[in-house]
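What follows is a set of notes on a single structure, which appears directly below.
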């Protein structure tokens with residue numbers, strides 16, 4: 001709003017003032033009063049609203065033709081409802097009286113010029129700019145909330161560039177769709193703007209976080225001019241004769257982060273240059289300021305419960321051989337799930353098969369637009385250029401965070417990054433789920449995901465991260481012991497946890513049934529078989545899995561507490577581990593490290609003991625998951641992934657549909 005200004009009335013000459021539509025202007029009726037006057041009466045022309053502001057407990061309002069006493073603590077305020085057609089066309093008359101009731105001792109005249117100045121954005125989050133009566137400056141979460149939203153223009157719509165659109169000032173039609181519209185209303189007599197100017201401003205702190213383009217004159221992109229942004233904090237608006245609205249487009253440049261809450265603002269000021277009603281030049285005075293606020297749209301991850309759209313996998317041939325059969329299996333799986341398969345060729349992956357570790361898919365959304373955004377991990381191995389060079393493109397954004405000179409650890413790979421389905425924890429709702437990050441806690445020291453990445457994820461606010469204990473694993477990723485699968489029941493999902501105790505229990509049952517000589521790795525030519533009896537008698541294997549189970553149980557308790565889960569929401573998947581240099585690795589292909597494509601699960605083939613012609617591990621997993629409406633498809637990844645300390649989830653990546661829920665309707 002404007003700084004509070006008061007019009008000083010005079011008996012000798014009329015007072016002239018500019019009044020912004022809908023904004024109350026104070027009038028000083030006591031600055032020049034006739035001698036002997038003790039009361040006053042006010043009248044105004046059509047279109048002027050006049051009212052008195054006073055404390056009802058101390059001042060009595062005059063009744064009928066009675067006048068306001070001058071010694072009363074009451075202030076006069078005027079406002080206009082429309083812009084003037086010409087200068088000084090609204091009039092206010094103040095008449096002063098003494099003891100003689102019917103004869104005025106003097107009169108003061110106030111001539112007002114109404115001007116409609118307003119900065120408008122999509123405060124109501126409808127996708128369109130509408131006139132707002134308030135709440136433009138502040139931002140509020142929730143279904144009853146308000147406040148405009150900016151998208152970070154991190155895709156690459158311009159074919160002339162190899163970089164995201166936010167790095168340059170060239171515009172394309174698609175760029176405008178990625179920006180948020182803003183309208184400046186500036187209705188009033190043209191003559192008024194000969195001596196008054198409109199100035200658009202942004203705070204210094206926001207200048208590196210957004211840019212503003214002005215749309216003038218035509219439909220050509222050459223008519224769009226950058227007026228605010230880095231190195232430019234203010235812009236004197238070039239209002240043309242008779243112009244009542246000027247359109248702008250606001251572009252987001254940076255995501256929320258540790259040093260940025262995500263809130264930015266813009267303002268427009270009506271400035272009096274001092275030459276309209278005065279023959280001499282006076283200092284410029286700001287008469288009115290209108291401010292609008294925005295929140296930068298957060299980056300949002302999508303859980304396994306969201307429908308798949310694209311499955312990414314790498315084609316590799318190296319000393320470990322080709323994964324051609326694995327690619328055929330992925331093609332079959334995507335066909336069943338009605339999902340597109342995208343194969344990253346060797347020339348682009350440089351024989352780096354761990355595409356899950358390289359990137360994570362998410363999206364950003366505003367009421368007027370949504371598009372996917374790939375988060376590029378800082379691991380920077382063979383696939384380091386793939387997200388930037390091949391995924392960044394029209395309506396497909398890109399974001400990354402670089403690690404300082406110390407370099408990334410294994411926990412910085414995005415196999416160590418997951419997100420739960422929507423959950424409710426007590427009275428707290430997480431309609432977009434919660435991000436899960438592997439860490440070294442509760443162990444002192446150890447590996448952690450880089451602080452810059454954790455800070456970025458936390459700053460998005462809408463998927464409050466939970467840190468889990470993954471540093472007990474050699475690779476150290478959360479996808480080695482957990483995953484989520486969709487279900488058609490009321491809960492909508494289950495949490496799958498790797499379970500050494502469930503595996504040992506299963507093997508003990510099979511031994512008691514007389515199948516103790518059935519062997520793990522049956523069917524693998526290059527791997528020595530080990531019978532159920534031998535595994536149960538192996539004290540070192542027993543100790544290793546007791547340790548692994550304790551680590552998983554610690555995470556189980558955290559997940560139940562932080563995601564509001566009951567035991568019935570968790571399914572224990574049989575799995576064994578072994579310790580190597582004090583860190584755990586999967587003893588046989590890690591079945592929870594699966595790819596989830598709707599109700600179809602691509603599960604690492606465990607090569608478990610064959611009993612009555614069937615793998616008992618596969619049979620057990622099917623008995624746990626198929627009653628939930630899921631289809632278990634076991635895929636051989638032993639040579640191409642498992643022996644390299646990874647599995648199917650590590651070697652695949654899925655882009656999923658965004659949530660139907662709008663993030664701004666939640667309360668973080």
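Couple of notes before you dig in:
- Within the stretch 431-444, one or more residues are at negative phi, surrounded by fewer than 20 Cβ atoms within 10 Å (Cβ to Cβ), modelled with pLDDT of 95 or more and part of a loop (DSSP other than H, G, I, E, B).
- Residues in the stretch 531-560 that are free of Cβ contacts under 8 Å to residues at least 12 places away in the same chain and under 21 Å from residue 478 (Cβ atoms): 550, 553, 557, 560.
- Hits in the stretch 410-435 - residues which are closer than 16 Å to residue 478 by Cα and free of Cβ contacts under 8 Å to residues at least 60 places away in the same chain: 412, 414
- Candidate set from the stretch 123-151 (those that are touching a residue at least 40 places away in the same chain (Cβ under 8 Å), out of contact with any helix residue (DSSP H, G or I) (no Cβ under 7 Å at 6 or more places or on another chain) and outside any loop (DSSP other than H, G, I, E, B)); member that is surrounded by the most Cβ atoms within 10 Å (Cβ to Cβ): 148
- Meets criteria (touching a strand residue (DSSP E or B) at 6+ places or on another chain (Cβ under 7 Å), crowded, with 22+ Cβ neighbours inside 10 Å and part of a loop (DSSP other than H, G, I, E, B)) for residue 387: no
- Of all the criteria given as (1) closer than 15 Å to residue 611 by Cα; (2) out of contact with any strand residue (DSSP E or B) (no Cβ under 9 Å at 6 or more places or on another chain), the one not satisfied by residue 510 is (2).
- Elements of the type strands (runs of 3 or more DSSP E) sitting completely within the stretch 279-371 and holding at least 3 residues that are touching a strand residue (DSSP E or B) at 6+ places or on another chain (Cβ under 6 Å) and at pLDDT below 95: these cover 285-296.
- Taking the stretch 624-640 as the range and being touching a residue at least 60 places away in the same chain (Cβ under 8 Å) and over 15 Å from residue 524 (Cα atoms) as the test, the residues that pass are 625, 628, 629, 630, 631, 633.
This table checks each residue for (1) buried (at least 16 other Cβ atoms within 10 Å of the Cβ); (2) under 26 Å from the mean Cα position of the chain (by Cα); (3) under 25 Å from residue 173 (Cβ atoms).
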site: 241; (1), (2), (3): no, no, no
site: 246; (1), (2), (3): yes, no, yes
site: 270; (1), (2), (3): yes, no, no
site: 288; (1), (2), (3): yes, no, no
site: 307; (1), (2), (3): no, yes, no
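- In the stretch 99-120 there is no residue that is in contact with a helix residue (DSSP H, G or I) (Cβ under 6 Å, 6 or more places away or on another chain) and surrounded by fewer than 16 Cβ atoms within 10 Å (Cβ to Cβ).
- Scanning the stretch 193-236 for residues that are crowded, with 20+ Cβ neighbours inside 10 Å, over 18 Å from residue 294 (Cβ atoms) and modelled with pLDDT of 95 or more gives a single hit, 198.
- Single match in 453, 475, 373, 425 (criterion: in contact with a helix residue (DSSP H, G or I) (Cβ under 7 Å, 6 or more places away or on another chain) and closer than 27 Å to residue 153 by Cβ): 453
- Considering only residues in the stretch 474-501 that are farther than 21 Å from residue 602 by Cβ and over 28 Å from the mean Cα position of the chain (by Cα), the one that is surrounded by the most Cβ atoms within 10 Å (Cβ to Cβ) turns out to be 500.
- Strands (runs of 3 or more DSSP E) contained in the stretch 1-91 and holding at least 3 residues exposed (fewer than 14 other Cβ atoms within 10 Å of the Cβ): 48-54
- Residue count for the stretch 396-416, restricted to those that are in contact with a helix residue (DSSP H, G or I) (Cβ under 7 Å, 6 or more places away or on another chain) and modelled with pLDDT of 95 or more: 7.
- Once the stretch 323-344 is narrowed to residues that are farther than 18 Å from residue 655 by Cα and in contact (Cβ under 8 Å) with a residue 24 or more places away in the chain, the residue that is farthest from the chain's Cα centre (by Cα) is 325.
- Residue 300 meets all of the listed conditions (1) under 20 Å from the mean Cα position of the chain (by Cα); (2) farther than 19 Å from residue 463 by Cα but one, namely (2).
- Within the stretch 502-530, being without any contact (Cβ under 8 Å) to a residue 60 or more places away in the chain and either in contact with a helix residue (DSSP H, G or I) (Cβ under 6 Å, 6 or more places away or on another chain) or crowded, with 16+ Cβ neighbours inside 10 Å (or both) holds for 511, 516, 530.
The values are calculated or read from the model by the stated rules, or taken from the named source; none is laboratory data. Here the structure is a predicted model, which is why all the values come from computation and not from measurement. Note: ideal-geometry Cβ built from the backbone for every residue, glycine included; neighbour counts use all protein chains shown.
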